[in-house]
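I have placed the structure first, in the form of structure tokens, so that the comments after it can refer back to it.
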Amino acid sequence: MQLFSQSRTLFGLGFLGCLLLMGVAFYLQYFMGLEPCPLCYVQRVIVIAFGVISLLAALHNPATVGRKIYAFLLILVASSGIAAAGRQIWLQQLPKDQLPACLPSLEFMLEAFPLQEVIAKMLHGSSDCAEVTWTFFGFSIAELSMLGFIMMLLWSLMLLLKRFTRKSIFR
């Protein structure tokens, strides 16, 4: 169990968790035929950002101050994921007549609009984001994403507050 008392290992596990989440997302898209909505793309970017920061922290294996900085960055990223998933869950609860209009495809928006406008439209969501096309044990993808981001936030808080040994696992 000494292996799990090292920050490098735990940051690495955070990275592997993000790989697993992205694997599930790609499975749902390419093997089950579920097209992601704009907020799904935003959440994917957030998961990737969490994974990249975790990987950098694992490779860097920082001392206490650096570990706290990485953990704080992970808290910010996980919190933004909670906000994006919360927005999608909120859209799913709205009556049909109050939903925002549909958006064109992401490829078209990137060609036709400035990047800032594309990002604003994606963060706002659309009626596509309100559709619940697949559930797992009664939970929508957005609700499962929220659970994932809450777990990321708790993981990050644990990394921020836990005391670690600094020994390398390769000795």
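Side notes on the structure shown:
- Among the residues examined, PRO62 qualifies as touching a Lys or Arg at 6+ places or on another chain (Cβ under 9 Å), at pLDDT below 95, more than 28 Å from ARG87 (Cβ to Cβ) and not in a helix (DSSP H, G or I).
- For the residues VAL65, VAL52, VAL42, the requirement of being surrounded by 15 or more Cβ atoms within 10 Å (Cβ to Cβ) and either under 21 Å from the mean Cα position of the chain (by Cα) or on the phi < 0 side of the Ramachandran plot (or both) singles out VAL42.
- In the range 137-153, residue farthest from VAL24 (Cα to Cα) [restricted to those that are without any contact (Cβ under 8 Å) to a residue 60 or more places away in the chain and among the small types (Gly, Ala, Ser)]: GLY138
- Taking the range 36-69 as the range and being free of Cβ contacts under 8 Å to residues at least 12 places away in the same chain and under 26 Å from TRP90 (Cβ atoms) as the test, the residues that pass are PRO36, VAL45.
- Close Cβ contacts (under 7 Å, 6 or more residues apart or on different chains) running from residues in the range 6-27 that are within 25 Å of GLY66 (Cβ to Cβ) to residues that are polar (S, T, N, Q) comprise GLN6/THR165; SER7/ASN61; ARG8/ASN61; PHE11/SER54; GLY14/SER54; PHE15/SER54; CYS18/SER54.
- Residues (touching a helix residue (DSSP H, G or I) at 6+ places or on another chain (Cβ under 7 Å) and at pLDDT 95 or above) located in the range 72-94: PHE72, LEU73, LEU74, ILE75, VAL77, ALA78, SER79, SER80, GLY81, ILE82
- Unique match (being of a type outside the set (Lys, Arg) and in a helix (DSSP H, G or I)) among GLY33, GLY81: GLY81
- Residue count, the range 68-80 (criterion: farther than 14 Å from PHE149 by Cβ and surrounded by fewer than 19 Cβ atoms within 10 Å (Cβ to Cβ)): 4
The values are calculated or read from the model by the stated rules, or taken from the named source; none is laboratory data. As the structure is a prediction and not an experimental result, all values here were calculated from the model. Using ideal geometry, Cβ is built from the backbone for each residue, glycine included, and neighbour counts are taken over all protein chains shown.
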